[in-house]
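A.B. asks: One structure is given below, represented as structure tokens, and several questions about it will come after.
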Amino acid sequence: MKNHIVCLSTTNYHPLPTRKQNVMSRLRNSEILYFDPPVSLIAPLKDKKASAYIEKYKQPGEKVEGHENITVYALPPVLPFFNKFRWINKINQKRQAAFIREKMREHGFGDETVLWCYSPSSCDIVEHLPHSKLVYDCVDRHSAYKGHINPKVVDKMECDLAKPADQVFATAVGLAETLEKINPTTQMIPNGAAYEIFSRVQTEKDTLPCPEDMKDLPHPIYGFVGMLQECIDYALIEKLAKSRPNATIFLIGRTLPGVDLTNLKQYPNIVFHGLVPQPELPAYLAQMDVCLNVFRAGALSKDVSPLKFYEYLATGKPIVSTREPLQVEDFKDVVYIARNPEMFLPLCDAAAKEKRPAWTEKRLAYGAQCSWTERVHQMEEVLYKKGVLHESAEE
């Protein structure tokens, strides 16, 4: 008998894989209904791209190529300000539940379903969905985000979701310490990397083609891969561009709504490339001399578990990082950690000149230890032991 899992995600399944997709696609013996997060009815006012999602819930579910056990659905749009006013969230979640129950019936999901949540707002949907087990996988300090939120409301919703959960996971020490006080089942399992993809930077370094848009760029090339969001330390990136005009700073990722990068766009040596499909990333990373993991100090940065950092490790490339997120300290023997802004430029220079094959090999080894395959095996061990999930008969 297969596990039936309803995953209420905070990230759309496409186009970029995050923790949610990597976990769901690696869980064994499971049939999964993956629900993309709903958009607010006023979201198109801030981000025109959100308009395409307003009526997407009317479309049939999509089977994931290569993972036929996963069906992806969009949810109906929601009323705004649900992270400020709990009563609005309750209205939203009751409506979402009706939609989800319909899809569960279509797929033969019943009372044995495992409800797997990523957002504190899901606390008000639990009572409306049939399920036997509840998992909360906490990936961020949700109350630290900016926007239309009330931190106290968000923290209370998280408490109400975590407390009855059969298992709580957290990606960072600070998150785990908070949640352990609410639910003693809490286990810290950080994010990981698709090692089989990113290690190609080393295993295929002589055969990976140079992307057309990276040809003739001046070296050293300092690369950043990830969403350009508010918690990134753009002051350090600007400092690098200004102080090293003969170097290239290559940024791969989408700029999130509300992030103003006007200052950076005045520098000719900063390249804003936009999104790159994950399978194509090794070719870009292979051309980079140094990978940048730069976060501004703050509650959100301290407890984040950035995928990019583990993906960088899996490439074997030199990494320059700020001291936050705190998880970088676990790899301080092979990562250049700028503990203050003054250290940043000298460490960037040192990393660009690095000639330490032993460090490359050790970063690769760390990357293998932090692979998504290993992370999900750790999660499965916990869930099997507690009976939240069950193994298949052949296992």
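The values are calculated or read from the model by the stated rules, or taken from the named source; none is laboratory data. Quick caveat: nothing in here was measured; it's all calculated off a predicted structure. Note that we place each Cβ from the backbone using ideal geometry, even for glycine, and neighbour counts take in every protein chain shown. Side chains are part of the model used for accessible areas, which takes the heavy atoms of the whole protein and leaves out ligands, DNA and RNA. Shrake-Rupley method; radii C 1.70, N 1.55, O 1.52, S 1.80 Å.
A.B. asks: Go through the range 356-393 and give me each residue that's among the hydrophobic types (A, V, I, L, M, F, W, C) and without any contact (Cβ under 8 Å) to a residue 40 or more places away in the chain.
C.D. replies: Passing the criteria: A358, A365, A393.
A.B. asks: So which residues in the range 126-139 are open to solvent by 20 Å² or more (accessible area, probe 1.4 Å) and within 20 Å of K94 (Cβ to Cβ)?
C.D. replies: Of all residues in the range 126-139, those open to solvent by 20 Å² or more (accessible area, probe 1.4 Å) come to 126-128, 130-133.
Once the filter is applied, which keeps residues that are open to solvent by 20 Å² or more (accessible area, probe 1.4 Å) and within 20 Å of K94 (Cβ to Cβ), the range 126-139 yields V126, E127, H128, P130, H131.
A.B. asks: Taking the range 140-176 only, how many residues are open to solvent by 10 Å² or more (accessible area, probe 1.4 Å) and β-branched (V, I, T)?
C.D. replies: 3
A.B. asks: Could you grab me the full set of residues in the range 177-197 that are assigned to a helix (DSSP H, G or I), open to solvent by 10 Å² or more (accessible area, probe 1.4 Å) and more than 17 Å from E374 (Cα to Cα)? Working first, answer last.
C.D. replies: Initially, the range 177-197 is screened for residues assigned to a helix (DSSP H, G or I), giving 177-180, 195-197.
Applying the additional criterion that residues be open to solvent by 10 Å² or more (accessible area, probe 1.4 Å) yields 177-178, 180, 195-197.
Of everything in the range 177-197, those that are assigned to a helix (DSSP H, G or I), open to solvent by 10 Å² or more (accessible area, probe 1.4 Å) and more than 17 Å from E374 (Cα to Cα) turn out to be E177, T178, E180.
A.B. asks: Right, something else. For the range 325-345, what are the residues that are open to solvent by less than 70 Å² (accessible area, probe 1.4 Å) and out of contact with any helix residue (DSSP H, G or I) (no Cβ under 9 Å at 6 or more places or on another chain)?
C.D. replies: E329, N340, M343
A.B. asks: Ok, one more. Among the candidates K385, K362, single out the residue that is basic (K, R), over 21 Å from the mean Cα position of the chain (by Cα), at pLDDT 95 or above and under 30 Å from P209 (Cα atoms).
C.D. replies: Of K385, K362, the one residue that is basic (K, R), over 21 Å from the mean Cα position of the chain (by Cα), at pLDDT 95 or above and under 30 Å from P209 (Cα atoms) is K362.
A.B. asks: Could you name every one of the helices (runs of 4 or more DSSP H) located completely within the range 274-324 that has at least 3 residues being open to solvent by less than 20 Å² (accessible area, probe 1.4 Å)?
C.D. replies: Per the criteria, 281-287, 307-315.
A.B. asks: Here are some residues: L75, L45, L27, L16. Which one is touching a Pro at 6+ places or on another chain (Cβ under 7 Å) and either part of a loop (DSSP other than H, G, I, E, B) or more than 22 Å from R105 (Cβ to Cβ) (or both)? Quick ask: steps written out before the conclusion?
C.D. replies: On the way: L45 fails: touching a Pro at 6+ places or on another chain (Cβ under 7 Å); L27 fails: touching a Pro at 6+ places or on another chain (Cβ under 7 Å); L16 fails: touching a Pro at 6+ places or on another chain (Cβ under 7 Å).
None of the other options fit; the residue is L75.
A.B. asks: Would you be able to tell me the number of residues in the range 368-395 that are within 26 Å of C7 (Cβ to Cβ) and not in a loop (DSSP other than H, G, I, E, B)? Give the derivation first.
C.D. replies: Here is the first cut: in the range 368-395, the residues within 26 Å of C7 (Cβ to Cβ) are 369-395.
Right, trim to not in a loop (DSSP other than H, G, I, E, B) and you get 369, 371-386.
Qualifying residue count, the range 368-395: 17.
A.B. asks: Still on this structure: Against the condition surrounded by fewer than 20 Cβ atoms within 10 Å (Cβ to Cβ), closer than 28 Å to A368 by Cβ, modelled with pLDDT of 95 or more and not hydrophobic (A, V, I, L, M, F, W, C), how does P211 come out, does it pass? Break it down stepwise before answering.
C.D. replies: Details: surrounded by fewer than 20 Cβ atoms within 10 Å (Cβ to Cβ): yes; closer than 28 Å to A368 by Cβ: yes; modelled with pLDDT of 95 or more: yes; not hydrophobic (A, V, I, L, M, F, W, C): yes.
The answer is yes for P211.
A.B. asks: Take the residues in the range 240-264 that are under 21 Å from K49 (Cβ atoms) and either modelled with pLDDT of 95 or more or in contact with a helix residue (DSSP H, G or I) (Cβ under 6 Å, 6 or more places away or on another chain) (or both); name whichever of them is surrounded by the fewest Cβ atoms within 10 Å (Cβ to Cβ).
C.D. replies: First, pick out the residues of the range 240-264 that are under 21 Å from K49 (Cβ atoms): 251-262.
Keeping just the survivors that are either modelled with pLDDT of 95 or more or in contact with a helix residue (DSSP H, G or I) (Cβ under 6 Å, 6 or more places away or on another chain) (or both) gives 251-252, 257.
Working: L251: 21, I252: 21, P257: 13.
So, considering only residues that are under 21 Å from K49 (Cβ atoms) and either modelled with pLDDT of 95 or more or in contact with a helix residue (DSSP H, G or I) (Cβ under 6 Å, 6 or more places away or on another chain) (or both), the one surrounded by the fewest Cβ atoms within 10 Å (Cβ to Cβ) is P257.
A.B. asks: Moving to a separate point now. Report the residue count in the range 361-376 for those that are open to solvent by less than 70 Å² (accessible area, probe 1.4 Å), over 17 Å from E329 (Cα atoms) and not hydrophobic (A, V, I, L, M, F, W, C). Spell out the reasoning first.
C.D. replies: Taking the range 361-376 first, the residues open to solvent by less than 70 Å² (accessible area, probe 1.4 Å) are 363-368, 370-373, 375-376.
Checking the rest, the ones that are also over 17 Å from E329 (Cα atoms) come to 368, 371-373, 375-376.
After this cut, where a residue has to be not hydrophobic (A, V, I, L, M, F, W, C) as well, the list is 371, 373, 375.
Of the residues in the range 361-376, 3 are open to solvent by less than 70 Å² (accessible area, probe 1.4 Å), over 17 Å from E329 (Cα atoms) and not hydrophobic (A, V, I, L, M, F, W, C).
A.B. asks: Still on this structure: Within the range 133-171, count every residue that is under 16 Å from the mean Cα position of the chain (by Cα) and in a loop (DSSP other than H, G, I, E, B).
C.D. replies: 5
A.B. asks: Being buried (at least 16 other Cβ atoms within 10 Å of the Cβ), under 30 Å from S392 (Cα atoms) and among the charged types (D, E, K, R) is the filter here; which residues of the range 23-56 pass it?
C.D. replies: Correct list: R26, E31, D36.
A.B. asks: Exactly one condition in (1) aliphatic (A, V, I, L, M); (2) more than 30 Å from I252 (Cβ to Cβ); (3) in contact (Cβ under 8 Å) with a residue 24 or more places away in the chain; (4) out of contact with any helix residue (DSSP H, G or I) (no Cβ under 9 Å at 6 or more places or on another chain) is not met by I88; state its number.
C.D. replies: (3)
A.B. asks: Hey, does the range 228-242 have a residue that's outside any strand (DSSP E or B), more than 19 Å from D140 (Cβ to Cβ), charged (D, E, K, R) and over 26 Å from the mean Cα position of the chain (by Cα)? Walk me through how you get there before you give the answer.
C.D. replies: So the first thing to find is which residues in the range 228-242 are outside any strand (DSSP E or B), and the list is 229-231, 233-242.
Adding the requirement that they be more than 19 Å from D140 (Cβ to Cβ) leaves 234-242.
From what is left, the residues that are charged (D, E, K, R) are 238-239, 242.
With over 26 Å from the mean Cα position of the chain (by Cα) added as a condition, the list becomes 239, 242.
Yes, that holds for at least one residue.
A.B. asks: Scan the range 191-198 and tell me whether some residue there is farther than 25 Å from P357 by Cβ, hydrophobic (A, V, I, L, M, F, W, C) and at pLDDT 95 or above.
C.D. replies: Initial filter on the range 191-198 (farther than 25 Å from P357 by Cβ): 191.
Then keep just the ones that are hydrophobic (A, V, I, L, M, F, W, C); that gives none.
No: the range 191-198 contains no residue that is farther than 25 Å from P357 by Cβ, hydrophobic (A, V, I, L, M, F, W, C) and at pLDDT 95 or above.
A.B. asks: Pull up the range 88-132, narrow it to residues that are among the polar types (S, T, N, Q) and assigned to a loop (DSSP other than H, G, I, E, B), then point me to the one that is farthest from M1 (Cα to Cα). Give the derivation first.
C.D. replies: Of all residues in the range 88-132, those among the polar types (S, T, N, Q) come to 89, 92-93, 96, 113, 119, 121-122, 132.
Restricting the remaining residues to those that are assigned to a loop (DSSP other than H, G, I, E, B) gives 113, 119, 132.
Details: T113: 12, S119: 28, S132: 15 Å.
Restricting to residues being among the polar types (S, T, N, Q) and assigned to a loop (DSSP other than H, G, I, E, B), the top hit is S119.
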